[in-house]
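Chemist: Here it is, the structure in full.
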Ligand code: FES
């Protein structure tokens, strides 16, 4: 294995996992995750920060909120739940603020 030289300053991981509505683990983040992912990508592009702030769609991160989706912010190791598309600008700003 070789460490990559490509590393973001901030990495936003957005759960887009979708489960069936009757799944015992609830329906997952699929109803909101893709829109949150797209909104955070737009923020990165609009601020010309896409090379430093990476936004990645993921599977389940174990949070499984009953509404919205889960977002993890690294390197802060901050996990947000019940995230909806309108939260994207605030999440992005908070993530890049020292
Ligand atoms: S389904 Fe999104 S965190 Fe579990």
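Chemist: Find how much the distance from residue 6 to residue 76 grows on full extension, using 0.36 nm per residue of separation minus their present alpha carbon separation; answer in nm with one decimal.
Modeler: Values: separation 70, 0.36 × 70 = 25.20 nm, distance 1.86 nm.
Net length gain for the segment: 23.3 nm.
Chemist: Still on this structure, please answer the following. Let me understand the chain better: what is its radius of gyration from the alpha carbons, and its Dmax, in angstrom?
Modeler: 13.6, 43
Chemist: Angle check, please: helix 33-46 long axis (alpha carbons) against the longest principal axis of the chain (alpha carbons), in degrees 0 to 90, nearest 10.
Modeler: 20
Chemist: Shifting gears a bit: Rounded to the nearest 500, what is the chain's calculated 222 nm mean residue ellipticity when only DSSP H runs of at least 4 contribute -39500 (n - 2.57) each, over all residues?
Modeler: -7000 deg cm²/dmol
Chemist: I'd like the FRET efficiency for residue 58 and residue 97, computed as 1/(1 + (r/R0)^6) with the beta carbon distance as r and R0 of 25 Å, rounded to 0.05.
Modeler: It comes to 0.65.
Chemist: When DSSP assigns beta bridges and you keep just the ones with both residues in the chain, what percent turn out antiparallel, to the nearest 5?
Modeler: If we restrict to bridges inside the chain, about 60 percent are antiparallel.
A short reminder: the numbers here are calculations on the coordinates, not readings from a lab. Since we're looking at a predicted model, the values are computed, not measured. Heads up, the Cβs are rebuilt from the backbone with ideal geometry, glycines too, and the neighbour counts pull from every protein chain shown.
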